[in-house]
Amino acid sequence: MTDAVHYEKLGDIAVLAIDNPPVNALGQAVRQGLKEGMSQAEADGAKAVVIYGEGRSFPAGADIREFGKPPMEPHLPDVCARIEASPLLVVAAVHGTALGGGLEVALGADYRIAVPAARVGLPEVLIGVMPGAGGTQRLPRLIGAESAVDIIASGRQVGAQEALELGIFDRLEEGAPREIGLAYASELVEQGAAPRPIREMPNPVPIDFDAAYEATLKKGRGQLSPAVAIRGVQAACELPFDDGMKRERDLFWELMETDQRQALIHAFFGERAVSKLPELEGVAPREIAHVAVIGGGTMGAGIATAALLSGLDVTLLEMNAEAAEAARERITSNLSGALKRGKIDEAKLAHLTETALTLATDYDALAQVDMVIEAVFEDMSVKKQVFEKLDATCKAGAILATNTSYLDVNEIAASTSRPEDVIGLHFFSPAHVMKLLEVVVADKTAPDVVATGFALGKRLGKVSVRAGVCDGFIGNRILAVYRAAADNMILDGASPFQIDAALEDFGFAMGPFAVADLAGLDIGWAVRKRKREEGLPANARDPHFADRLCEAGHFGQKTGKGFYVYEKGSRGRKPNEEVLEHIAADREAMGITPREFSDEEIVRRYMAAMVNEAAMVVGEGIARRPLDVDMTLLYGYGFPRHQGGPLKWADLQGLSGLLDDIKHYAAEDPVFWKPAPLLEELVAEGRTFDDLNKEET
Ligand code: 3H9
């Protein structure tokens, strides 16, 4: 027996305890241990076997770290088949999360008992594969094709009660998994219960698989795994069990070979690695119980909502009583959304809005708070005035955070006598929904203040990324460049509508011009005006077509018109043909003869601009690792998860070809295109961005 599975025999019952912390992933040693454990139980004359997980969970799946390496025997499908084929009664006793291969092991058992807090699921599609150890064959035989498709194609976790109702679990019982498993197995043995292999259950009734496949592919914006997994369930309906298993295996390996699988697994581990920073090892965050938010607009109200939902007390400071009341309304409306989704109940809503939230109009109210997050108008002189007042009012040790999205946090910090307590916390709107938080570390920010930024992010359920100070930090700095690349393509002949469509096909939820309409065109207008005042680089192109929309009062969705026209009562968008006239005027003024762009070229140039700037951001140390950029774009900018983030995408495309393209574009337009030194270095050394991730973590 391996160390990863402990064997004991108690009377008629053998117990196999899986012990592979932290989540009992089904690595080689566990698979080997389960196989040997079954043989041992049979050799020992046991009547039943109980399988459970030590520690926090039944296995949460195959060991993802083994993916991409040569497979090692015994393979998981064979282990599940071995369990199912045993003449002994096998009981799986589930607690924690029985996911993926974990649930597949449990489906190899004859009976399943669980604690009421347990959860099950087949989340393989979320990491770009599909169940590969019988999940698509056994689950539909147990619960029907429709429910199986729902669970497998969504990858969602199913609570124990629902799993009981569906027939995945036979019984729920409070207690330690070992004890409830033993008691259930004894009872079954006493009753003379027969083994109940799922493989012998009849084929489930089919559903319209072609329709389900097409709908799922469309919903996933090109992500393959959920749709392909449906073909596995189809096989369960149409083929004998062993042929269905073979079909599942073939589909599983097809997905295993895809770039999407690599991209999604990169996203899985990146999300977990992003907040692990060597500089924070052993640094304790400061205690935060009460935060203040300055400014109750959409952003401030969103931040306050997120803080309240995480259990913090919040004081919201506004200019006057009227503005404060409007802020309360915004927060209440946000929280009502949480009530509707069942995240909080009425009593909690009342507590949050009446007790945990305090409105204020005077800085004195902030004297005792542990942290202040400023979300006022994006103007340096306004921000400095706020920070001077905070410096004069707040207690020693209070953290003073700015939610600026572009401005220099060093300059803001310098307006106080305590720059070590100042940090940037850049939330994304709506702040109670969007997952990204950029933790912007200024030159003098103290390490425990950085640690507190990350601790707050975790508490609020955010993916927190460390960023250095520069114009736009990680995300907005890169955005400015790929948006400029899109604007350049427009000047040269593409239309905003073609660009949006090409990028939506690539997997973005919305193209850049639809996003600009959603965010409000006035935001970009203000940034362009500021940049023009600061002075643009010599010979830089400076299109005005978006300005013309703003000058006419068209700010996008909020005014009903921008790059698109939004008609009341209709959720769709229609191209605003007026934009084409503004574009034509720009081309004429610049003496440009428009040319055709293929969708492929649009994606290539847009991505090349994104990757090149991202490489600069990493090269300059604004982002510590390539994965920090990838997580920023995935969680804050709608980058398709199944493409892994811009730098993972670049690795998968091949850096050398991408650099060649950038050099080719630079020959045409050397002002805009300057190959990033880091990209040139990696190509010269034959390395990838992911190699840098491995060095740092
Ligand atoms: C599969 O099963 C394929 C089969 O159908 C067919 C095979 C032939 N492997 O998330 P956490 C690590 S595919 C390796 O922070 P939580 C994780 O990286 C698999 N490592 O905790 C982290 O490490 P570290 C299908 C794994 O409580 C630590 O465990 N299953 C795996 O927030 C703690 O994780 C899945 O896709 C793994 N499978 O959430 C489930 N899982 O501490 C994926 C976790 O070094 N896992 N780790 O950063 C999850 O969804 C969550 O981790 C879970 C716990 C809900 C289990």
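The values are calculated or read from the model by the stated rules, or taken from the named source; none is laboratory data. What you are looking at is a predicted structure, and each value in this text was computed from that prediction instead of being measured. All Cβ positions, glycine included, derive from the backbone under ideal geometry; neighbour counts span all protein chains shown.
Tabulated data
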quantity: Residue within the stretch 15-28 that is assigned by TED's automatic domain parsing to the domain that holds Gly175, farther than 30 Å from Met256 by Cα and in contact (Cβ under 8 Å) with a residue 60 or more places away in the chain present; calculated: yes
quantity: Condition broken by Gly282, with the remaining ones in (1) of a type outside the set (Ser, Thr, Tyr); (2) under 30 Å from Asp63 (Cα atoms); (3) outside any loop (DSSP other than H, G, I, E, B) satisfied; calculated: (3)
quantity: Single match in Asp259, Asp250 (criterion: touching a residue at least 12 places away in the same chain (Cβ under 8 Å) and either aliphatic (A, V, I, L, M) or out of contact with any strand residue (DSSP E or B) (no Cβ under 7 Å at 6 or more places or on another chain) (or both)); calculated: Asp259
quantity: Residue among Gly244, Gly192 that alone is buried (at least 16 other Cβ atoms within 10 Å of the Cβ) and farther than 30 Å from Met510 by Cα; calculated: Gly244
quantity: Residue in the stretch 490-500 that is assigned to a loop (DSSP other than H, G, I, E, B) and without any contact (Cβ under 8 Å) to a residue 60 or more places away in the chain present; calculated: no
quantity: Residue match in the stretch 252-269 (condition: closer than 30 Å to Pro131 by Cα, in contact with a Pro (Cβ under 9 Å, 6 or more places away or on another chain) and of a type outside the set (A, V, I, L, M)); calculated: yes
quantity: Residue within the stretch 259-274 that is within 11 Å of the ligand (Cβ to nearest atom), farther than 30 Å from Glu329 by Cα and not in a helix (DSSP H, G or I) present; calculated: yes
quantity: Residue match in the stretch 240-255 (condition: under 33 Å from the mean Cα position of the chain (by Cα), outside any helix (DSSP H, G or I) and of a type outside the set (A, V, I, L, M, F, W, C)); calculated: no
quantity: Criterion (assigned to a loop (DSSP other than H, G, I, E, B), within 22 Å of Phe639 (Cα to Cα), within 34 Å of the chain's Cα centre (by Cα) and not charged (D, E, K, R)) met by exactly one of Ile602, Ile622; calculated: Ile622
quantity: Residue within the stretch 318-327 that is assigned to a helix (DSSP H, G or I) and either assigned by TED's automatic domain parsing to the domain that holds His75 or touching a His at 6+ places or on another chain (Cβ under 8 Å) (or both) present; calculated: no
quantity: First in the stretch 71-85 and under 15 Å from Arg249 (Cα atoms), second anywhere and assigned to a helix (DSSP H, G or I) and among the small types (Gly, Ala, Ser), Cβ under 6 Å, 6 or more apart; calculated: Leu76/Gly101; Cys80/Gly108
quantity: Candidate set from the stretch 275-287 (those that are surrounded by fewer than 12 Cβ atoms within 10 Å (Cβ to Cβ) and closer than 30 Å to Gly128 by Cβ); member that is nearest to the ligand (Cβ to nearest atom); calculated: Lys276
quantity: Given (1) assigned to a helix (DSSP H, G or I); (2) surrounded by fewer than 19 Cβ atoms within 10 Å (Cβ to Cβ); (3) modelled with pLDDT of 95 or more, index of the condition Glu695 fails; calculated: (3)
quantity: Any hit, the stretch 191-211, residues being of a type outside the set (S, T, N, Q) and within 16 Å of the ligand (Cβ to nearest atom); calculated: yes
quantity: Matching residues, the stretch 402-430, being at pLDDT below 95 and aliphatic (A, V, I, L, M); calculated: Leu407
quantity: Matching residues, the stretch 126-149, being among the aliphatic types (A, V, I, L, M) and more than 9 Å from the ligand (Cβ to nearest atom); calculated: Leu139, Leu142, Ile143, Ala145, Ala148, Val149
quantity: Val30 being within 30 Å of the chain's Cα centre (by Cα) and either surrounded by 14 or more Cβ atoms within 10 Å (Cβ to Cβ) or under 24 Å from Gly121 (Cα atoms) (or both); calculated: yes
quantity: Residue check, Val120 surrounded by 17 or more Cβ atoms within 10 Å (Cβ to Cβ), at pLDDT 95 or above, in the same structural domain as Ala14 (by TED's automatic domain parsing) and under 27 Å from Tyr7 (Cβ atoms); calculated: yes
quantity: Elements of type helices (runs of 4 or more DSSP H) contained in the stretch 160-224, each with 3 or more residues being charged (D, E, K, R); calculated: 177-191, 209-219
quantity: Selected residue (only one of Glu66, Glu73, Glu54, Glu42 is more than 16 Å from the ligand (Cβ to nearest atom) and surrounded by fewer than 21 Cβ atoms within 10 Å (Cβ to Cβ)); calculated: Glu42
quantity: Residue, nearest to the ligand (Cβ to nearest atom), within the stretch 6-26, restricted to residues that are surrounded by fewer than 18 Cβ atoms within 10 Å (Cβ to Cβ) and within 33 Å of the chain's Cα centre (by Cα); calculated: Pro22
